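In what follows, a single structure is set out as structure tokens and then discussed.
The values are calculated or read from the model by the stated rules, or taken from the named source; none is laboratory data. This is a predicted model, so every value here is computed, not measured. Every residue, glycine among them, receives a Cβ derived from its backbone with ideal geometry; neighbour counts consider all protein chains shown.
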Amino acid sequence: MDTDIRIDKYLWAIRAFKTRSEAADACKGGKVRVGEDIAKPSREVKVGDVINVRKGAVTLSWRVIKLLGNRVGASLVADDAEDITPESEKAKLEAPRENIFLHRDRGTGRPTKKDRRTLEKLWDGLG
């Protein structure tokens with residue numbers, strides 16, 4: 001176990017982001033905070049720190065329990081980072097998807113590439 005862990009590496013290790021570069025970009029974009037301070041990708045994480053990550057309209061929060069140097073399985077994340085995201089924030093993740101009804105006329109075939117991109121923009125705007 002390393003004694004100094006960068007926040008971008010830690011967020012990747014606890015599966016907050018799919019890639020470390022996504023985590024670094026979020027830090028550079030000011031979407032990651034440790035306590036009340038905006039975190040740069042090279043900021044070191046300490047046990048007990050509270051990390052807030054803004055993803056779309058939702059702010060996810062974790063408390064550091066143990067420092068990780070490598071990515072762990074999803075079932076093991078709870079041993080290393082406590083999810084302290086309020087239920088009201090978690091509800092924001094599900095609410096928009098419940099209200100959307102996508103309708104395609106019967107017989108129109110598969111969506112085109114343009115249709116798929118439009119749908120992806122719609123979903124990204126909600127999350």
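What are the pairs, 6+ residues apart or on separate chains, where a residue within the range 65-91 that is modelled with pLDDT under 90 has its Cβ under 6 Å from a residue that is among the hydrophobic types (A, V, I, L, M, F, W, C)?
Close Cβ pairs (under 6 Å, with a partner that is among the hydrophobic types (A, V, I, L, M, F, W, C)) amount to LEU68/ALA13; GLU89/VAL58.
Mind listing just one residue for me: the one in the range 35-59 that is of a type in the set (A, V, I, L, M, F, W, C) and surrounded by fewer than 18 Cβ atoms within 10 Å (Cβ to Cβ) and, of those, nearest to SER88 (Cα to Cα)?
Across the range 35-59, the extreme among qualifying residues is VAL58.
Would you please name the residue that is nearest to TRP62 (Cα to Cα), looking only at residues in the range 12-35 that are of a type in the set (D, E, K, R) and touching a residue at least 24 places away in the same chain (Cβ under 8 Å)?
The extreme case among them is ARG15.
Please verify whether TRP62 is assigned to a strand (DSSP E or B) and among the aromatic types (Phe, Trp, Tyr), treating the condition exactly as stated.
Answer is yes for this residue.
Please verify whether the range 71-87 includes one or more residues that are more than 13 Å from the chain's Cα centre (by Cα), of a type in the set (S, T, N, Q) and assigned to a loop (DSSP other than H, G, I, E, B).
no
Taking the range 46-76 only, how many residues are in contact with a Phe, Trp or Tyr (Cβ under 9 Å, 6 or more places away or on another chain), more than 20 Å from LYS28 (Cβ to Cβ) and among the hydrophobic types (A, V, I, L, M, F, W, C)?
The total comes to 4.
Inspect the range 42-55 for any residue being within 16 Å of the chain's Cα centre (by Cα) and not in a strand (DSSP E or B) and give the result as yes or no.
No, that holds for no residue.
Given (1) of a type outside the set (Ser, Thr, Tyr); (2) modelled with pLDDT of 95 or more; (3) touching a Phe, Trp or Tyr at 6+ places or on another chain (Cβ under 9 Å); (4) not in a helix (DSSP H, G or I), identify the lone condition not met by ARG33.
Of everything listed in (1) of a type outside the set (Ser, Thr, Tyr); (2) modelled with pLDDT of 95 or more; (3) touching a Phe, Trp or Tyr at 6+ places or on another chain (Cβ under 9 Å); (4) not in a helix (DSSP H, G or I), ARG33 misses just condition (3).
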